[in-house]
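The values are calculated or read from the model by the stated rules, or taken from the named source; none is laboratory data. Please read these numbers as outputs of a predicted model, since none were measured by experiment. Cβ coordinates were reconstructed from backbone atoms using ideal geometry, including for glycine residues, and neighbour counts include every protein chain displayed.
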Amino acid sequence: MNERERFLSILVAGLLVATGVWWGFGKYNSAIKSRENQLEQLVTTQMQLNEKRLQGEFANRQMGEYMLRSLPGDPEQAQSQYQQWLLDLVHDSDLTETLVDANSSRTIGGLYQLLDFRVRGNSDVPGVIRLMHAFYSKDYLHRIRDLSLRKNRQGGFQLELSIDAIALLGAPDELPVREEPSWRIDGDVAAYLDPIMNRNLYEPPNQPPRFGGRSELEAIVGRDTPTPLAFNDPDGHRMRYELVDGPYELVSIDERSGTLRIRSDETTEFNVTVRATDDGYPNRSSEQRLSVKVLDPPPPEPEPEAPIGFDDASQTVLTALVQGRNDWTAWLHVRTKDETIKLKVGDSFEIGTVKGSVKSVNARSVILNVEGSDLELKPSGNLLDSAKSMTTSFSAVP
């Protein structure tokens, strides 16, 4: 066998070995996956069995609770016992003209007896609420299937109930009467009477008034200080007000308008509590505590200066300087009056807010004496502007 044949034999043998190894690994991998699938199926089966066991335990516990709440297994004894309880119930609820009937019973699914009862009587609304509370406080397997309320002539209601009660067939015939109250309802009947009786059935629930003002108030010593209280009612009802707490000798309140009046002859601080009550049904109220400070009156404000009217001097200009035989004349034109004032040396004048006399007149200007100072006014010059310029220049001199 030459070298080439030997290499070919080794190559074929290697391929055969690799094929065998691959086949063996595939078989091993398939066995592992099959084992894992079996384990997953066993785990799933175990979980299902545990769930069924838990459901069975829950059902057993639930059935035990039902057994405690059931009527006796004997249908006749169950009917007699429950009917007697209904008679005691309507008697304790102060129903009048009562009737308690046991109508029929039938077996359901081979598990329990369904007993049918009917109760009838007259009562007012609080009596109906107390009856319903007493009924559901009894932890029997029972329910009110149908309830009817009709107005009667005495001002109350004629009540009629259709009731279902259950007696488990597996319950003992001498099952003791269930004494523990049901945990499903509040043990205090007032918890049901208050929200039902104190409620307007024709409007949304009444909301209390709300305070929207400042809780710090100020008053002046020796003055009667009225302060309206900022209460508002969301339902738009009228409100009445009252003073709950505070120094009654210093404060009072108007019941209708809600105006709080404060009067003290000395500076002091105190607290008051006010209450606003609406006239909705039922009445709702809100209280607010207020802090009051009685202060000295503020210093009097300075009287405002009288407004200055239109100044004729602002529309007065020097229009001409006229030479006569012996002297010069200054012509001042008041535009607001369309009037020309002719002034010579020594003449006095009063135009608007400018008042003075003529000191000298020449070809270039006129010198006016205004408030002890000399004012030079040239042609086309404004009298008021020149006077203001003079005042400004003098005030700037140290």
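Does segment 107-123 contain any residue that is outside the structural domain of residue 63 (by TED's automatic domain parsing) and either part of a helix (DSSP H, G or I) or touching a residue at least 60 places away in the same chain (Cβ under 8 Å) (or both)? Taking every residue of segment 107-123 in turn, at least one turns out to be outside the structural domain of residue 63 (by TED's automatic domain parsing) and either part of a helix (DSSP H, G or I) or touching a residue at least 60 places away in the same chain (Cβ under 8 Å) (or both).
Can residue 71 be described as under 60 Å from the mean Cα position of the chain (by Cα) and touching a residue at least 60 places away in the same chain (Cβ under 8 Å)? In short, yes.
Considering the conditions (1) part of a strand (DSSP E or B); (2) under 26 Å from the mean Cα position of the chain (by Cα); (3) within 17 Å of residue 228 (Cβ to Cβ), residue 256 is excluded by exactly one of them, (1).
When segment 82-93 is limited to residues that are under 16 Å from residue 143 (Cα atoms) and not aliphatic (A, V, I, L, M), the one that is surrounded by the most Cβ atoms within 10 Å (Cβ to Cβ) turns out to be 82.
In segment 333-355, which residues are buried (at least 17 other Cβ atoms within 10 Å of the Cβ) and at positive phi? 352, the sole residue that qualifies. Here residue 89 meets the list (1) in the same structural domain as residue 165 (by TED's automatic domain parsing); (2) in a helix (DSSP H, G or I); (3) more than 22 Å from residue 179 (Cβ to Cβ) almost entirely, failing just condition (3).
Total residues in segment 189-248 satisfying the condition of being exposed (fewer than 12 other Cβ atoms within 10 Å of the Cβ) and of a type in the set (Phe, Trp, Tyr): the figure is 2.
With respect to (1) exposed (fewer than 12 other Cβ atoms within 10 Å of the Cβ); (2) over 27 Å from the mean Cα position of the chain (by Cα), the lone exception for residue 164 is condition (1). Is it true that some residue in segment 279-297 is over 21 Å from the mean Cα position of the chain (by Cα), assigned to a loop (DSSP other than H, G, I, E, B) and surrounded by fewer than 14 Cβ atoms within 10 Å (Cβ to Cβ)? Yes, segment 279-297 contains at least one residue that is over 21 Å from the mean Cα position of the chain (by Cα), assigned to a loop (DSSP other than H, G, I, E, B) and surrounded by fewer than 14 Cβ atoms within 10 Å (Cβ to Cβ). Could we say that residue 128 is out of contact with any Cys (no Cβ under 7 Å at 6 or more places or on another chain), in a helix (DSSP H, G or I), farther than 27 Å from residue 144 by Cα and not hydroxyl-bearing (Ser, Thr, Tyr) here? So residue 128 fails the test.
I'm checking my understanding of the structure. Among residues of segment 298-325 that are among the charged types (D, E, K, R) and part of a loop (DSSP other than H, G, I, E, B), which one is modelled with the lowest pLDDT? Among those that are among the charged types (D, E, K, R) and part of a loop (DSSP other than H, G, I, E, B), it is 305. Among the criteria (1) aliphatic (A, V, I, L, M); (2) in the same structural domain as residue 384 (by TED's automatic domain parsing); (3) closer than 30 Å to residue 196 by Cβ, the one residue 276 does not fulfil is (2). Is there any pair with a first residue in segment 163-177 that is under 13 Å from residue 143 (Cα atoms) and a second that is surrounded by fewer than 21 Cβ atoms within 10 Å (Cβ to Cβ) and of a type in the set (Val, Ile, Thr) whose Cβ atoms are under 6 Å apart and which are 6 or more apart or on different chains, and what are they? The qualifying pairs are 163/144.
Has segment 44-55 got at least one residue that is at pLDDT 85 or above, outside any helix (DSSP H, G or I) and among the acidic types (Asp, Glu)? No - not one qualifying residue is present in segment 44-55. Before we move on, is residue 140 of a type in the set (Ser, Thr, Tyr), in the same structural domain as residue 96 (by TED's automatic domain parsing) and not in a loop (DSSP other than H, G, I, E, B)? No; evaluated as a whole, the condition is false for this residue. Residue 367 - would you say it is surrounded by 12 or more Cβ atoms within 10 Å (Cβ to Cβ) and free of Cβ contacts under 8 Å to residues at least 12 places away in the same chain? Yes, satisfied. Scanning segment 312-353 for residues that are in contact with a Leu (Cβ under 8 Å, 6 or more places away or on another chain), in contact (Cβ under 8 Å) with a residue 40 or more places away in the chain, farther than 10 Å from residue 383 by Cβ and among the hydrophobic types (A, V, I, L, M, F, W, C) gives a single hit, 330.
For (1) in a strand (DSSP E or B); (2) closer than 17 Å to residue 384 by Cα; (3) modelled with pLDDT of 85 or more, each residue gets a yes or a no:
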| position | (1), (2), (3) |
| --- | --- |
| 333 | yes, yes, yes |
| 341 | yes, yes, yes |
| 345 | no, no, yes |
| 356 | yes, yes, yes |
| 359 | yes, no, yes |
| 369 | yes, yes, yes |
